[in-house]
Amino acid sequence: MAKNEKTATASKTELLDAVENKSLKEKIPHFEIGDTVDVRCSIKEGEKERTQIFTGTVIARKGRGISETFTVRRIVDNEGVERIFPLHSPNVISIKPVRSGKTRRAKLYYLRKRTGKSARLAHRHSDHTVSK
C-alpha cells in the first residue's frame, strides 16, 4: 500500500510540474541578491493600462518554479518601500539588472533597520549588470 501511495504522489508532482512549465517564462535575466534592478510592471487602473518602473535593491528570493518570488526594496521620501514580485507573473514585463552589490547573505533583511549611507551595498563589478 505504501508503494502505491508513493507512486501516486510522484505522479501528482510530475503532473503539477508539467502544468506549471507551460506558464513559466522562458527568458529570465540573471540577477542576484544585492543587485539593483529595474522592474517594469504593468498596472491596470480602470480601463487604462500603463507601465511602471520600480527600481530598488533585491533583498530576497524565495520559492521555486511558478511560485518563485523576489523582494525589491527602495527608499522613497525617507520611507522604505518593499514590493514582492512573482518572477513568472505576466504583469512583470521585464527585469533589468543595473548594478551589482557585494553581499555575503542570502536575505538582506538587515537593510530594513539601516538608513542613509549605511543602507548602501558596496559595488561589485559583474558581467550580468548594465553599466550606466
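The values are calculated or read from the model by the stated rules, or taken from the named source; none is laboratory data. Values in this document were obtained by computation on a predicted structure and should not be read as measured data. Methodologically, a virtual Cβ is constructed for each residue, glycine included, from the backbone with ideal geometry; neighbour enumeration extends over all protein chains shown.
From Ala119, Ala60, which residue is among the hydrophobic types (A, V, I, L, M, F, W, C) and within 30 Å of Val19 (Cα to Cα)?
Answer to the selection: Ala60.
Which one is surrounded by the most Cβ atoms within 10 Å (Cβ to Cβ) among residues in segment 107-132 that are touching a residue at least 60 places away in the same chain (Cβ under 8 Å) and hydrophobic (A, V, I, L, M, F, W, C)?
Leu108
From Phe31, Phe54, grab the single residue that is over 17 Å from Leu121 (Cα atoms) and surrounded by 12 or more Cβ atoms within 10 Å (Cβ to Cβ).
Every option except Phe54 fails the conditions.
Quick test for you: out of Ile66, Ile75, pick the one residue that is in contact with a His (Cβ under 6 Å, 6 or more places away or on another chain) and modelled with pLDDT under 95.
Ile66
Among (1) in contact with a helix residue (DSSP H, G or I) (Cβ under 7 Å, 6 or more places away or on another chain); (2) under 15 Å from Val39 (Cα atoms), which single condition is Asn91 missing?
Condition not satisfied by Asn91: (1).
State all residues of segment 83-104 that are among the polar types (S, T, N, Q) and surrounded by 18 or more Cβ atoms within 10 Å (Cβ to Cβ); if no residue qualifies, say none.
Residues satisfying the conditions are Ser100, Thr103.
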